[in-house]
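Bear in mind these aren't lab numbers, they're just calculated from the coordinates by the rules spelled out. Since we're looking at a predicted model, the values are computed, not measured. Neighbour counts are summed over all protein chains in view; Cβ atoms, including those assigned to glycine, are modelled from backbone coordinates with ideal geometry.
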């Protein structure tokens with residue numbers, strides 16, 4: 001599980017840097033940085049990020065009530081992926 | 001493709017075409033909303049199509065809703081009424097159905113379903129149309145209330161609406177997590193509506209500004225959660241595009257049939273104008289426009305129903321349909337010649353109406369920008 005978490009974190013960082021912050025190194029991009037409030041990821045960027053997470057990790061992001069909190073930081077995205085894959089998210093948020 | 005029940009739901013609207021279209025040219029001149037026709041639409045149950053039966057809706061899916069709305073566009077010549085109908089369904093009903101609390105649904109969805117309350121949503125601001133994330137209208141928490149302050153513009157249905165979904169800033173300006181959606185009732189102190197705005201087209205669909213001056217709204221009127229407004233709006237916009245532009249497809253189909261009939265009967269220089277390739281080619285382009293738009297919209301809706309990502313598809317669908325609609329409307333005026341230019345034939349009105357589709361729900365430029373962003377540019 002720890003190896004998967006690191007792998008997801010690395011992949012997420014890689015995607016964010018490649019698409020939104022090309023002048024930043026992985027070490028400089030804090031996992032707890034608020035990506036939305038800091039301006040790293042704008043509104044269109046958020047849609048791209050959600051789409052990428054859905055496609056890469058096979059999560060039905062359009063089915064679950066996705067919250068901006070789920071994508072506010074790398075840590076939050078990683079938790080969202082973990083919870084979605086374990087089925088926790090779907091059960092908790094279905095109305 | 002459509003079953004008997006779906007066809008019956010659509011027939012309930014298309015049978016009313018003449019009634020709904022009554023005096024549409026005359027009302028265009030005065031910008032008068034067709035309240036009588038609205039009541040007839042209410043009677044069909046169309047307004048509650050996509051909403052749960054527990055809330056007095058008809059519990060139909062997106063595709064069925066679109067199929068019926070396409071029928072509305074085909075049969076009703078009052079595009080302003082058509083647009084107001086679509087806006088009513090998506091502006092308040094759709095976000096409440098998906099994100100609203102049980103209390104909000106119970107209190108307001110039945111009224112949306114039967115049309116006894118008319119809905120609108122307030123998004124655009126005087127300084128922020130395409131750039132909605134720069135919105136200035138703010139919502140400050142104060143105990144169990146939020147205090148809203150600011151102004152919105154270009155709000156369809158505002159002069160006649162009873163319920164508004166107001167999108168306001170609750171966080172850092174520019175952040176996608178900074179917007180919250182609030183349900184605000186018309187008689188809430190601090191909310192005022194501007195005078196109806198005169199515009200190029202869709203004149204029978206009332207439009208005005210909205211002003212919020214220390215408007216206190218219960219915390220329980222937050223739709224979804226604080227900060228969820230951007231993603232709620234993204235969901236609503238998908239429905240808005242699919243529902244309002246499938247109406248345009250119905251309108252385009254009707255226009256195409258008119259042009260075919262005219263081209264087959266109008267004789268110039270001893271032969272029907274349809275026999276000249278320069279005319280028939282134009283009508284063929286109209287036909288291609290209808291089919292292409294219809295396919296994009298329904299295919300996108302099917303993907304959305306399968307919970308697939310449709311960010312690109314929605315942008316393309318909107319771009320293709322809105323621009324086909326303008327092209328189709330201009331062609332129709334050309335084919336009818338001088339008659340097409342008169343108000344009596346209703347075709348110049350359709351051309352003026354069609355331009356709005358390249359602006360609302362995200363301009364054509366914004367749709368192109370969105371596609372560019374999604375493909376990594």
Could you give the angle, 0 to 90 degrees to the nearest 10, between helix B:4-14's Cα long axis and the longest principal axis of the Cα atoms of chain B? 80
Extended-chain gain in nm, criterion 0.36 nm per residue less alpha-carbon gap, residue B:219 and residue B:36: 62.3 nm
State the antiparallel share, in %, of DSSP beta bridges confined to the protein assembly as shown, rounding to the nearest 5. 85
What is the distance in Å between the Cα centroid of the stretch B:256-330 and that of the stretch B:70-139? 27
Taking a quarter of the surface of the convex hull around the Cα atoms of the stretch B:230-374, what do you get in nm²? 9.2
What do you get for the angle between helix B:102-114 and the principal long axis of chain B? Use alpha-carbon atoms, 0 to 90 degrees, nearest ten. 30
Calculated FRET efficiency for the pair residue B:187/residue A:32, C-beta based, R₀ 45 Å, to 0.05: 0.50
Going 7 Å from the Cα of residue B:116 in the Cα-to-Cβ direction, what parts of the stretch B:33-50 have a backbone nitrogen less than 17 Å from that spot? B:39-49
Quick one: in the protein assembly as shown, what % of C-alpha pairs are over 39 Å apart? 24
Relative contact order [Cα under 8 Å, 6+ residues apart], the stretch B:192-350, whole percent: 21
Overall dimensions of the stretch B:4-117 as given by Cα atoms, namely Rg and Dmax in Å: 14.0, 43
Measuring from the longest principal axis of the C-alpha atoms of chain B, the long axis of helix B:311-341 (C-alpha) lies at a number of degrees, nearest 10, equal to 40
Pairwise centroid distance, computed over Cα atoms, of the stretch B:1-57 with the stretch B:196-216, Å: 23
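Once the mean 1/r over all distinct Cα pairs of the stretch B:120-226 is inverted, what Kirkwood radius in angstroms do you read off? Display every interim value, and only then the final one.
Details: mean 1/r = 0.0723 Å⁻¹.
Radius from the Kirkwood sum: 13.8 Å.
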Highest mean first, what order results for B:238-247, B:166-175 on Cβ atoms within 10 Å? B:238-247, B:166-175
Pairwise over distinct Cα atoms, reciprocal of the mean inverse distance: report the Kirkwood radius of the stretch A:36-84 in Å, one decimal place. 10.9
Over all residues in B:301-309, what is the mean tally of Cβ atoms on other chains that come within 10 Å of each residue's Cβ? 3
Could you check what % of the DSSP bridge pairs in the stretch B:120-226 are antiparallel, to the nearest 5? 85
Can you tell me the equivalent ellipsoid semi-axes for chain B? Use √(5λ) from the Cα gyration tensor, largest first, whole Å. 36, 21, 20
Simple spin-label estimate for residue B:54 and residue B:3 in nanometres, 7 Å along Cα-Cβ: 2.3
In angstroms, what radius of gyration and Dmax does the stretch A:2-88 have, counting Cα atoms only? 12.0, 36
On average, how many beta carbons from a partner chain sit within 10 Å of the beta carbon of a residue in A:37-48? 6
Expressed as a whole percent, how much of the Cα-Cα distance distribution for the stretch B:85-148 exceeds 16 Å? 60
Add -39500 (n - 2.57) for each DSSP H run of 4 or more in the protein assembly as shown, then divide by its residues: what number comes out at 222 nm, to the nearest 500 deg cm²/dmol? -17000 deg cm²/dmol
Residue separation times 0.36 nm, minus the C-alpha to C-alpha distance between residue B:200 and residue B:291: what's the value? 30.0 nm
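Provide a whole-number value for the mean count of partner chain Cβ atoms within 10 Å of the Cβ atoms in peptide B:3-10.
Per residue, the average neighbour count from other chains is 0.
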Counting alpha carbon pairs within less than 8 Å and at least 6 residues apart, what relative contact order, in whole percent, applies to chain B? 16
Mind giving me the FRET efficiency for residue B:12 and residue A:86? R0 is 45 Å, r the Cβ-Cβ distance, nearest 0.05 is fine. 0.45
With the Cα gyration tensor of the stretch B:146-280 in hand, convert its eigenvalues to equivalent ellipsoid semi-axes via √(5λ) and list them largest first in whole Å. 46, 18, 11
Give me the number: length gained by fully extending residue B:334 to residue B:25, i.e. 0.36 nm times residue separation minus the C-alpha to C-alpha distance, one decimal in nm. 109.3 nm
Hydrodynamic calc, the stretch B:131-188: Kirkwood Rh from Cα pairs, then Stokes-Einstein at 25 °C with viscosity 0.890 mPa s, so D in µm² s⁻¹ is 201
